[in-house]
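Report on the following structure.
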Amino acid sequence: MIGALRASTKLRTVALLGIPSAITLCIGLVASHTEAAEPDATPPSQANQYLPPISDLMIATIQPRHRRLWQAAQEKNWAFAAYELGNLRAAFKRLGEAYPTEHDIPFPDMISSVTEQPLEEINTAIEAKDEVGFTKAYADLTTACNACHQALNYGVVVIRTPSGKSDSDQDFTTTEP
Ligand code: HEC
């Protein structure tokens, strides 16, 4: 008697559990069917894309172009200097687009406020093939690099005009910010 009751309760439980499981299974099948219908149709969301940090972008996109621009002018290769100046400008633009704010400051505005004038002066010097003008404008650009580093508390990063001894544009000998 008790055994029969237990058995029927068990049966009912199975039946009750069975309905939701069947529904879940159906939903599952529908869901997997929907997914299967659009294989890889949706591009990866913005959140899944890797955005390198500013320091990586500086090393990868800004620093080498700053150095190569100098090198081109030393070789009086004005065509390449013009090309690399364009690349440097575009790299700064992309940086600002990738990081709209930094330290609560609009980063694109900060970039343009310090770099726009020296970049324009460099452009003028390149067009005129003016070595003296280039040297001055390049020094101003380098000052702009350091002005931003200092303003954002990265004064340890000291950029310089590459010297004859080394073509590096980074002064690793200065330890004070
Ligand atoms: C508008 C601001 C700004 C300007 C302009 C700027 N930088 Fe930077 N730079 C930064 C910031 C911020 C960092 C530090 C990022 C970090 O470590 O998170 C940095 C870091 C660097 C680093 C160190 C990266 C590392 O990992 O060691 C180098 C090299 C560098 N900048 C080169 C330059 C050069 C060259 C210029 C000029 C042509 C320049 N930067 C102009 C903001 C700027």
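The values are calculated or read from the model by the stated rules, or taken from the named source; none is laboratory data. These numbers come from a predicted model, not from an experiment. All Cβ positions, glycine included, derive from the backbone under ideal geometry; neighbour counts span all protein chains shown.
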Residue check for Asn123: under 21 Å from the mean Cα position of the chain (by Cα) and either within 14 Å of the ligand (Cβ to nearest atom) or in the same structural domain as Glu84 (by TED's automatic domain parsing) (or both): no
Complete set of residues in the range 63-85 that are free of Cβ contacts under 8 Å to residues at least 40 places away in the same chain and surrounded by 13 or more Cβ atoms within 10 Å (Cβ to Cβ): Pro64, Arg65, Arg68, Ala72, Gln74, Asn77, Phe80, Tyr83, Glu84
Count of the range 36-93 residues which are at pLDDT below 90 and on the phi > 0 side of the Ramachandran plot: 1
Restricting the range 141-157 to residues that are assigned to a loop (DSSP other than H, G, I, E, B) and surrounded by fewer than 15 Cβ atoms within 10 Å (Cβ to Cβ), the residue that is farthest from the ligand (Cβ to nearest atom): Gly155
Members of the range 90-108 that are in a helix (DSSP H, G or I) and either near the ligand (Cβ under 9 Å from one of its atoms) or touching a Ser or Thr at 6+ places or on another chain (Cβ under 8 Å) (or both): Ala91, Phe92, Arg94, Leu95, Gly96, Phe107, Pro108
